[in-house]
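Notes follow the structure.
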């Protein structure tokens, strides 16, 4: 399984403390999937630009990564949240998981793309082009921290799906 996480903006120096955690979860996830993180430049938020203009500029940078051949999942706080168990179940059901292989789609399944927007979120056109929209929380997190939370929840989803220890 291939998972690509598209994030708007770079890891800024003040968040370098998160890198060991990101590296740890990327390493843990190797047992289940090939996971990569791709950064696309963010747009400057200026008084002379509307929020829509900023999000549209970011959408232009995200769009080349979207593919009809991939299953795309947008992150947005504007939808209902799921428990870790419900996320795991929905994630694998949406991907057509087969109980005969431990409930995890095989290497021949569609690539998965997660999209994390900038500080203003994702442009509505990106949200409408995605197959699924998920909320990690109703709370607002710094975008570099969302990377770590998403990786941890993906790892937890695999562990739950396989009935392996970790979740509780």
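The values are calculated or read from the model by the stated rules, or taken from the named source; none is laboratory data. Nothing here was measured: the structure is a model prediction, and the numbers come from that model. Cβ coordinates were reconstructed from backbone atoms using ideal geometry, including for glycine residues, and neighbour counts include every protein chain displayed.
Residues in the range 1-13 that are free of Cβ contacts under 8 Å to residues at least 60 places away in the same chain and within 25 Å of residue 72 (Cβ to Cβ): 10 alone.
Here residue 65 clears all of (1) within 18 Å of residue 117 (Cα to Cα); (2) surrounded by fewer than 12 Cβ atoms within 10 Å (Cβ to Cβ) except the condition numbered (2). Among the residues making up the range 73-94, those that are surrounded by 18 or more Cβ atoms within 10 Å (Cβ to Cβ) and either closer than 28 Å to residue 163 by Cβ or over 16 Å from the mean Cα position of the chain (by Cα) (or both) are 73, 75, 87, 88, 91, 92. Among the candidates 48, 36, the residue that is surrounded by fewer than 18 Cβ atoms within 10 Å (Cβ to Cβ) and in contact with a strand residue (DSSP E or B) (Cβ under 7 Å, 6 or more places away or on another chain) is uniquely 36. Would you pick out the residues in the range 1-13 that are touching a helix residue (DSSP H, G or I) at 6+ places or on another chain (Cβ under 9 Å) and surrounded by 11 or more Cβ atoms within 10 Å (Cβ to Cβ)? Across the range 1-13, the qualifying residues are 3, 4, 5, 6, 7, 8, 9, 10, 11. Residue 85 satisfies every condition listed in (1) under 22 Å from residue 25 (Cα atoms); (2) modelled with pLDDT of 90 or more; (3) touching a strand residue (DSSP E or B) at 6+ places or on another chain (Cβ under 8 Å) except (3). Consider the range 130-145 and keep the residues that are under 19 Å from residue 51 (Cβ atoms) and touching a strand residue (DSSP E or B) at 6+ places or on another chain (Cβ under 9 Å). The one that is surrounded by the fewest Cβ atoms within 10 Å (Cβ to Cβ) is 133.
Surrounded by 19 or more Cβ atoms within 10 Å (Cβ to Cβ) and at positive phi: does that describe residue 163?
On the way: surrounded by 19 or more Cβ atoms within 10 Å (Cβ to Cβ): no; at positive phi: yes.
For residue 163, the condition - surrounded by 19 or more Cβ atoms within 10 Å (Cβ to Cβ) and at positive phi - is not met.
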